[in-house]
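The values are calculated or read from the model by the stated rules, or taken from the named source; none is laboratory data. Quantities reported herein were computed from a predicted structural model and do not represent experimental measurements. Heads up, the Cβs are rebuilt from the backbone with ideal geometry, glycines too, and the neighbour counts pull from every protein chain shown.
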Amino acid sequence: MKWLTIFLAGILFALGLGISGMTQPEKVIGFLDIAGNWDPSLAFVMGGAVGINIILYRLILRRRRPVFDKTFTMPRQRNIGGRLISGAALFGIGWGLAGYCPGPALTSGVTASSSALLFIVAMLGGMLAFHVTQSEHEDDDVRNRIPPGDRKPADRQKIASAATPVRHI
Amino acid sequence: MENFTPVSATLGGVLIGLSVAMLFYFNGRILGVSNIAGALLKPHGEGKSWRIIFIAGLLAGGAIIAALSPDNIGESPAQPFTLLIAGLLVGYGAMLGRGCTSGHGICGISRLSPRSIVATLVFMASGMLTVYITRHIAGA
């Protein structure tokens, strides 16, 4: 059952990408082409997705834990630094060049589209390049979320100082 | 604005949003595709099973679109060499920045995470600048 919900979430996500037009790189580039024939559709895609989740996210977090796992696995709060900004900048360049980002590329790859497949291979290469050149401290940036009712003063201090026990991913 | 498709865009966005909520509600995981794919490449990573299942679902969904509405899947206008560079940048950049359009742009912003808001603004600006250069300056 747990695996079914994960599988279905993947299907639903792909369907959303397809219906929204995100699996059409020309359309994505059209959104980024603010000086040209601008297509604002991507803003509506994000609006729909974020609008839903701003509400649902908080509702879901009222639970102690997800349905099929012991804890929520959350990104640890970290500062906004050079890595975040340069990573996002590099990502944006690639995104603007191809009109692909990871989700749509993988979804499109199923059709054996040559542009998607080439992008995917290169993307995996770029990810691997990062893994082999960076130290593994990146494992420290997720944590298991202790439900609010279970937190003890020591936990609150730990959370505040971002030293919560790490669940390595 | 001749390609503007607000209805299908919003509908697709809502489906995307529901899938994000679904993964979080049932499995407590953030739907960040770059993390899902990227973690599979680490030799000693945890959570490989669920990530593989999720990507299988993604591919199954892609197959459904390809079967029912193939026009919704388009080719990139970029040349092969550009696609290579683009993929490398997206892959590396997503790892360095710890997220992508789904992880930061949807999940992070929904959590009102300042990190994700900044990341999203940066990659939007970077993408827009890139397209401006390639479409209006370099004449590519």
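Worth a mention:
- The listed residues are B:Ile65, B:Ile109, B:Ile30, and the only one of them that is outside any helix (DSSP H, G or I) and at the interface with chain A (Cβ under 7 Å from one of its Cβ atoms) turns out to be B:Ile30.
- Residue check, B:Arg111 touching a helix residue (DSSP H, G or I) at 6+ places or on another chain (Cβ under 9 Å) and touching a residue at least 60 places away in the same chain (Cβ under 8 Å): no
- Considering only residues in region A:1-23 that are polar (S, T, N, Q) and either assigned to a helix (DSSP H, G or I) or surrounded by fewer than 24 Cβ atoms within 10 Å (Cβ to Cβ) (or both), the one that is farthest from the other protein chains (Cβ to nearest Cβ) turns out to be A:Thr5.
- Residue satisfying condition, being of a type in the set (A, V, I, L, M) and either in contact (Cβ under 8 Å) with a residue 24 or more places away in the chain or more than 7 Å from every other protein chain (Cβ to nearest Cβ) (or both), within set A:Ile34, A:Ile55: A:Ile55
The rows are residues; the columns are (1) touching an Asp or Glu at 6+ places or on another chain (Cβ under 7 Å); (2) assigned to a helix (DSSP H, G or I); (3) under 18 Å from B:Val131 (Cα atoms); (4) at pLDDT 95 or above.
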site: A:Gly30; (1), (2), (3), (4): yes, yes, yes, yes
site: A:Ile34; (1), (2), (3), (4): no, no, yes, yes
site: A:Val50; (1), (2), (3), (4): no, yes, no, yes
site: A:Leu84; (1), (2), (3), (4): no, yes, no, yes
site: A:Gly103; (1), (2), (3), (4): no, yes, no, yes
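- Qualifying residues in region B:95-106 (those that are at the interface with chain A (Cβ under 7 Å from one of its Cβ atoms) and in a helix (DSSP H, G or I)) - the one farthest from A:Ala105 (Cα to Cα): B:Leu96
- Of all residues in region B:7-20, those being within 7 Å of chain A (Cβ to nearest Cβ), hydrophobic (A, V, I, L, M, F, W, C) and surrounded by fewer than 22 Cβ atoms within 10 Å (Cβ to Cβ) number 3.
- All of (1) at the interface with chain A (Cβ under 7 Å from one of its Cβ atoms); (2) surrounded by fewer than 20 Cβ atoms within 10 Å (Cβ to Cβ) hold for B:His44 with one exception: (1).
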